[in-house]
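Heads up: the structure comes next, in structure tokens.
The values are calculated or read from the model by the stated rules, or taken from the named source; none is laboratory data. Just so you know, these numbers come straight off a predicted model, no measurement behind them. Note: ideal-geometry Cβ built from the backbone for every residue, glycine included; neighbour counts use all protein chains shown.
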Amino acid sequence: MRSPRETLSLATEFWRYMTGRDYFRQPQPLGPYFSDPRCYYNDVRGKAAWSGPFRHGVPLLPEPDGSLVVSPCMVMFYGIGSVDRFLLERDSQLLQNVRAVARWLQDNVTADSYWPTQIKEDVRHEFYSANSAMNQGLALSFLVKVIRHLDGADLPTAQLTALVRSVAANMLKPAAEGGTTSRRGSDLLFLEYCRRDETVIFNGWVYAVFGLMDYVQFQVDDVAEAALECTLKTMRTRVSNYQLPDDWSRYDDSGRICSPFYHRLHISLLDALSRLTAEPVYTDCLRRAKKADTLVNRVRYTVRKIGDKLTD
């Protein structure tokens with residue numbers, strides 16, 4: 001059971017979400033990439049509008065116990081949102097955001113070329129490492145876009161290019177060897193959390209794919225191209241498993257269901273995948289997910305997720 005402090009924190013978070021005031025659950029519709037290919041695949045520009053605390057130019061995540069930590073995922077979304085907004089708005093402050101994120105990535109990457117994700121104490125799960133395919137994919141997208149589209153913006157392009165290569169190499173290693181991949185026969189999947197049970201979270205897998213897409217357009221890498229082709233083939237055969245019989249979304253392949261926020265995020269990601277690949281399976285899953293996005297289902301699955309959170 002949750003402690004009273006954690007329960008209060010969850011209640012506050014839920015209220016902000018329901019009233020549209022939650023930075024972490026703001027809508028992320030189809031991205032500006034589809035009108036301007038310099039930009040990202042889903043719209044994370046709102047992530048550049050952090051009004052909370054900072055350290056060395058990057059956002060700090062407030063924890064329920066009152067502490068402040070740096071979340072790599074949060075930093076990378078802040079960076080990608082800032083890149084997109086700068087490309088579209090040309091506001092110099094946004095370029096300062098981008099520089100701060102680039103510095104943070106350089107200064108905080110591990111010797112194994114990743115940024116450890118936060119792993120809360122959980123006796124139910126064991127982890128290969130604190131690596132994350134989602135973090136790696138977001139980092140690749142951010143770094144490639146900075147190098148390709150912000151050349152001459154007083155950024156260390158050569159160093160960032162070397163970082164891109166090392167991050168991609170790490171990302172493609174098996175999770176059991178410190179990377180982020182899971183092999184299941186001929187299938188290739190990416191792990192947002194490198195748990196030993198190798199549960200695959202759908203949105204984390206997609207963000208990893210987006211990063212690989214950006215990387216192979218930037219760097220000639222036969223191994224990465226083959227991995228991208230393989231994981232896209234795997235995703236095509238498995239994507240429908242991430243929908244319940246009533247077409248609401250599953251969060252992962254271990255049976256967890258999505259909150260309304262994540263269901264709508266899946267809709268945006270499926271829309272992007274459909275446009276990027278022209279594969280009918282994504283169009284069909286998108287149609288079904290949209291059909292399931294009713295007020296009745298949003299209320300039903302919100303209540304279920306509250307119950308899951310309070311007893312998790």
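At a glance:
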item	result
Meets criteria (surrounded by 15 or more Cβ atoms within 10 Å (Cβ to Cβ), modelled with pLDDT of 95 or more and closer than 22 Å to Thr199 by Cα) for Met76	no
Condition met for Ala130 (of a type in the set (A, V, I, L, M, F, W, C) and either surrounded by fewer than 20 Cβ atoms within 10 Å (Cβ to Cβ) or modelled with pLDDT under 95 (or both))	yes
Sole residue being modelled with pLDDT of 95 or more, among the small types (Gly, Ala, Ser) and surrounded by 20 or more Cβ atoms within 10 Å (Cβ to Cβ), chosen from Ser240, Ser268	Ser268
Single residue of segment 218-237 satisfying the filter (surrounded by 17 or more Cβ atoms within 10 Å (Cβ to Cβ) and among the polar types (S, T, N, Q)) that is nearest to Arg38 (Cα to Cα)	Thr231
Answer residue from segment 100-127, given it is in a loop (DSSP other than H, G, I, E, B) and among the aliphatic types (A, V, I, L, M) and is modelled with the lowest pLDDT among those	Val123
Unmet requirement for Leu140, which otherwise passes all of (1) within 25 Å of Cys39 (Cα to Cα); (2) in contact with a Ser or Thr (Cβ under 7 Å, 6 or more places away or on another chain); (3) surrounded by 22 or more Cβ atoms within 10 Å (Cβ to Cβ); (4) not charged (D, E, K, R)	(2)
Every residue from segment 52-73 that is farther than 18 Å from Glu192 by Cβ and either in a helix (DSSP H, G or I) or free of Cβ contacts under 8 Å to residues at least 12 places away in the same chain (or both)	Phe54, Leu60, Pro62, Glu63, Gly66, Ser67
Complete set of residues in segment 191-220 that are of a type in the set (Phe, Trp, Tyr) and more than 23 Å from Ala162 (Cα to Cα)	Tyr193, Phe202, Trp205
Members of segment 272-293 that are charged (D, E, K, R) and in contact with a Lys or Arg (Cβ under 9 Å, 6 or more places away or on another chain)	Glu279, Asp293
